[in-house]
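Following: one structure in structure tokens, then a few remarks.
The values are calculated or read from the model by the stated rules, or taken from the named source; none is laboratory data. What you see is a predicted model; the values in this text were computed from it and never measured. Because the Cβ atoms are built from the backbone with ideal geometry, glycine has one as well, and the counts that use them run over all protein chains shown. The protein model used for the area step is the full one, side chains on, heavy atoms only, and it has no ligands, DNA or RNA in it. Shrake-Rupley method; radii C 1.70, N 1.55, O 1.52, S 1.80 Å.
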Amino acid sequence: MKSEKGQKGTMMPIGPMMIEHRLIERMLAVARRELERFTREKYLEPQFVRELVDFIRMYADRCHHGKEEDILFRELGKKELSPEHRAATDELVREHRWARGQTRELAEAAERYASGEEEAFVTVLARLNALTEFYPKHIEKEDKHYFLPVMRYFSDEEKEAMLQEGYDFDRTLIHEKYQQVVERAEGAEG
Ligand SMILES: [Fe+2]
Ligand SMILES: [Fe+2]
């Protein structure tokens with residue numbers, strides 16, 4: 001992937017994030033097909049929605065948006081950005097927040113549906129529709145109009161430091177996730 005390399009052949013911090021975009025697209029494409037099936041069959045599988053919610057929360061939001069916000073946007077915040085890039089960054093942050101809200105509503109509606117509340121069906125479909133339409137557009141905005149242009153604000157050393165920080169960030173996540181799983185299990189213990 002030539003376009004993701006700097007002059008010295010080192011990978012840029014946006015390299016792993018662009019790779020993550022591909023996995024997010026694949027999962028949301030499955031969700032789109034499941035949404036069409038649920039609509040046709042007037043029935044949905046809460047288990048699929050739970051897995052999707054876990055994927056969006058842990059991977060798309062915590063791992064992926066986490067690196068964007070806690071590393072890339074934080075570092076961009078220290079630079080003198082053009083008004084256009086400043087506005088684009090603010091918009092991406094707002095979109096992340098919006099997606100978090102949609103995901104929460106999706107999770108809650110799926111649980112209501114699973115416990116017998118049939119009216120929650122339309123809410124699940126609406127949130128699935130919103131999220132499956134949102135992610136490809138958000139990703140395209142970053143891939144085609146944002147990531148590469150903002151790399152120009154950084155030196156090679158700064159890019160390398162962000163790349164390394166991203167790897168460290170990823171390493172902590174599996175521990176954080178299963179720490180939470182154990183704490184939840186302990187809390188649910190009779
Ligand atoms: Fe993003
Ligand atoms: Fe992204």
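Run down 45, 34 and say which single residue is surrounded by fewer than 18 Cβ atoms within 10 Å (Cβ to Cβ), acidic (Asp, Glu) and over 20 Å from the mean Cα position of the chain (by Cα).
45
What's the total number of residues in segment 60-90 that are closer than 22 Å to residue 15 by Cα, in a helix (DSSP H, G or I) and open to solvent by less than 60 Å² (accessible area, probe 1.4 Å)?
The qualifying residues number 17.
Quick one: is residue 135 touching a residue at least 12 places away in the same chain (Cβ under 8 Å), within 12 Å of ligand 1 (Cβ to nearest atom) and within 22 Å of residue 33 (Cα to Cα)?
On the way: touching a residue at least 12 places away in the same chain (Cβ under 8 Å): yes; within 12 Å of ligand 1 (Cβ to nearest atom): yes; within 22 Å of residue 33 (Cα to Cα): yes.
Criteria met by residue 135.
Which of the residues belonging to segment 48-65 are within 16 Å of ligand 2 (Cβ to nearest atom) and among the aromatic types (Phe, Trp, Tyr)?
Of segment 48-65, the ones within 16 Å of ligand 2 (Cβ to nearest atom) are 55-65.
Of everything in segment 48-65, those that are within 16 Å of ligand 2 (Cβ to nearest atom) and among the aromatic types (Phe, Trp, Tyr) turn out to be 55, 59.
Of the conditions (1) under 15 Å from residue 138 (Cα atoms); (2) at pLDDT below 95, residue 11 clears all except one; give me its number.
(1)
Before we move on, is residue 127 within 30 Å of residue 152 (Cα to Cα), open to solvent by 30 Å² or more (accessible area, probe 1.4 Å) and either within 16 Å of ligand 1 (Cβ to nearest atom) or touching an Asp or Glu at 6+ places or on another chain (Cβ under 8 Å) (or both)?
On the way: within 30 Å of residue 152 (Cα to Cα): no; open to solvent by 30 Å² or more (accessible area, probe 1.4 Å): yes; either within 16 Å of ligand 1 (Cβ to nearest atom) or touching an Asp or Glu at 6+ places or on another chain (Cβ under 8 Å) (or both): yes.
No, not satisfied.
Taking helices (runs of 4 or more DSSP H) that fall entirely within segment 91-190, which contain at least 3 residues that are more than 18 Å from residue 64 (Cα to Cα) and more than 16 Å from ligand 2 (Cβ to nearest atom)? Spell out the reasoning first.
Values: elements: 120-145, 147-151, 156-188.
Per the criteria, 120-145, 156-188.
Please name all residue pairs, on different chains or six or more residues apart, with Cβ atoms under 7 Å, provided the first residue is in segment 172-186 and is at pLDDT below 95 and the second residue is assigned to a helix (DSSP H, G or I) and surrounded by 10 or more Cβ atoms within 10 Å (Cβ to Cβ).
173/62; 173/63; 177/58
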